[in-house]
Number of protein chains: 2
Amino acid sequence: MGRVSDAKERLMNAVSELIWSGSYGSTTIDHICEKAGVKKGSFYYFFDSKSELAAEALEAGWKSKQAELDRIFSPMVPPLDRIRKYCEFSYKFQREIKEQYGRVLGCPQFTLGSEICTQEDRLQKKIQEILDYKRKYLESAIRDAHAAGLIKAPDPAHKAGMILAYYEGLLTQARIQNDVDVLRDTVGGIFAMLGVKETEGAVA
Amino acid sequence: MGRVSDAKERLMNAVSELIWSGSYGSTTIDHICEKAGVKKGSFYYFFDSKSELAAEALEAGWKSKQAELDRIFSPMVPPLDRIRKYCEFSYKFQREIKEQYGRVLGCPQFTLGSEICTQEDRLQKKIQEILDYKRKYLESAIRDAHAAGLIKAPDPAHKAGMILAYYEGLLTQARIQNDVDVLRDTVGGIFAMLGVKETEGAVA
DNA sequence: TTTGTAGTTGAATGTTTAGTCAAATAAATG
DNA sequence: CATTTATTTGACTAAACATTCAACTACAAA
């Protein structure tokens, strides 16, 4: 079965990091190859364009994040706690990223989506798909919270869309301002939108 | 006083449109010149880089938008109505853009900011400045609403930041999904965040 | 140990891009 | 009308970039 290699993985990691810490437009195939320690010929052996590589990397990145989200949004956890945990996780994650890269980088999918949606159809579709999955995590937590009488949310899908917009907007603000502090009270805004009363929203 | 020209203005219009309908990275000096009907030599006569042109265009674009915002956020208008009008205006504006370009384009500053904030310091600062002005419009409406007893918002600056994140997040979602419908109930989310009771939020 | 296969390499290609400049041109002013 | 000043032009260079390919290499199975 011939020679073996992890060059493909290295290329996917490299492209993800370069796009996230910079932008899609500023990420060239040369840079990707250099970062991955791979020669251009090998790049074209595995992929036939930057956008194809980006699409595969996006998919892989999402797959690896999913496990974490499944844990956070486990139906075993009380619904409002899921949301609170998600906000805490996100805040902590961005703090670590800032530590590591010297920069708040926000949400990879939202940032990339906003940049390329008018130009790269395949990527745009993949991103929309991922964002929709994210929305579904929120939606089920909201539905459960409604069923438990914790909040009034007769249209969980709509509420989830609103909350996702807020969440992604905050992350993008944090990226633009390079300031994690923006994210400190993420959950406050979400609970306000959900009409959670202070007492119900209290930490256990 | 020598030859006169509107080439500078044409260049600023061209760059704004190209970045907004595409991205900063995909906008080249050649494209800008072609769109503006200006030769490259002239470009470098007026500006010495794409980022300098973009910064001037950003400033000019903001100046021209300010008048409209002053009207919408006039202290003569009841505070919650200002916010409602702003949402309606924004929704209508994006519908017109979609009509005109075949695409929802969202917020020029937020989209650009998210793309270039890690790479173009000067632009990042300008954008942060503009976003902060936007926040101030919301902040004063919130403060007035609080003073009028319409809502409870002891920290209007913080609330305004939350609402701006939501608003920009929605616009970006609309851009990514190329769907104005996302914006239909913008005000619903804002009023939920502000804790506006249905009756108080009712249209006059 | 041979052979098939998966992956690697570096050099070469053509294209796009940013950036420069000296000469030409058009308007305004004296 | 002559001169000054602002703007335009097109042709040029050099670097960055994407893309191709034939020859080469390492591994695995037969």
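For the range A:78-89, does any single residue satisfy the condition of being over 30 Å from B:Gly25 (Cα atoms), away from DNA strand C (no atom under 16 Å from the Cβ) and within 14 Å of chain B (Cβ to nearest Cβ)?
Looking through the range A:78-89, at least one residue is over 30 Å from B:Gly25 (Cα atoms), away from DNA strand C (no atom under 16 Å from the Cβ) and within 14 Å of chain B (Cβ to nearest Cβ).
Which ones in the range B:1-30 are within 12 Å of chain A (Cβ to nearest Cβ), within 17 Å of B:Gly113 (Cα to Cα) and either within 13 Å of DNA strand C (Cβ to nearest atom) or touching a strand residue (DSSP E or B) at 6+ places or on another chain (Cβ under 7 Å) (or both)?
Those that are within 12 Å of chain A (Cβ to nearest Cβ), within 17 Å of B:Gly113 (Cα to Cα) and either within 13 Å of DNA strand C (Cβ to nearest atom) or touching a strand residue (DSSP E or B) at 6+ places or on another chain (Cβ under 7 Å) (or both): B:Leu18, B:Ile19, B:Gly22, B:Ser23, B:Tyr24, B:Gly25, B:Ser26, B:Thr27.
So for the range A:42-56 (the condition being within 14 Å of another protein chain (Cβ to nearest Cβ) and without any contact (Cβ under 8 Å) to a residue 40 or more places away in the chain), does at least one residue qualify?
Yes, the range A:42-56 contains a residue that is within 14 Å of another protein chain (Cβ to nearest Cβ) and without any contact (Cβ under 8 Å) to a residue 40 or more places away in the chain.
In the range B:16-27, is there at least one residue being more than 16 Å from B:Leu123 (Cα to Cα), small (Gly, Ala, Ser) and either without any contact (Cβ under 8 Å) to a residue 12 or more places away in the chain or within 14 Å of DNA strand D (Cβ to nearest atom) (or both)?
yes
List pairs: first in the range A:85-97 and modelled with pLDDT under 95, second not hydrophobic (A, V, I, L, M, F, W, C), Cβ under 8 Å, 6+ apart or cross-chain?
That search, which allows pairs on different chains as well, returns nothing.
Just the residues that are loosely packed, with under 14 Cβ neighbours inside 10 Å, more than 14 Å from DNA strand D (Cβ to nearest atom) and in a helix (DSSP H, G or I), please, taken from the range B:40-58.
Residue satisfying the conditions is B:Glu52 alone.
From the list A:Ile97, A:Ile116, A:Ile127, pick out the single residue that is within 16 Å of DNA strand D (Cβ to nearest atom) and within 28 Å of B:Leu171 (Cα to Cα).
A:Ile116
Give A:Ala153, A:Ala174, A:Ala165, A:Ala148 a once-over and let me know the one that is touching a helix residue (DSSP H, G or I) at 6+ places or on another chain (Cβ under 7 Å), in contact (Cβ under 8 Å) with a residue 24 or more places away in the chain, of a type outside the set (S, T, N, Q) and surrounded by 23 or more Cβ atoms within 10 Å (Cβ to Cβ).
Result: A:Ala174 is the single residue among A:Ala153, A:Ala174, A:Ala165, A:Ala148 that is touching a helix residue (DSSP H, G or I) at 6+ places or on another chain (Cβ under 7 Å), in contact (Cβ under 8 Å) with a residue 24 or more places away in the chain, of a type outside the set (S, T, N, Q) and surrounded by 23 or more Cβ atoms within 10 Å (Cβ to Cβ).
Using the structure shown, decide if A:Gly37 is touching a residue at least 12 places away in the same chain (Cβ under 8 Å), surrounded by fewer than 20 Cβ atoms within 10 Å (Cβ to Cβ) and within 15 Å of DNA strand C (Cβ to nearest atom).
Taking the combined requirement at face value, the residue satisfies it.
Out of the residues in the range B:103-119 meeting the condition of being in contact (Cβ under 8 Å) with a residue 40 or more places away in the chain and closer than 20 Å to A:Ile97 by Cα, tell me which one is farthest from the other protein chains (Cβ to nearest Cβ).
B:Ile116
The values are calculated or read from the model by the stated rules, or taken from the named source; none is laboratory data. Because the structure is a prediction, the values reported are computed rather than measured. Heads up, the Cβs are rebuilt from the backbone with ideal geometry, glycines too, and the neighbour counts pull from every protein chain shown.
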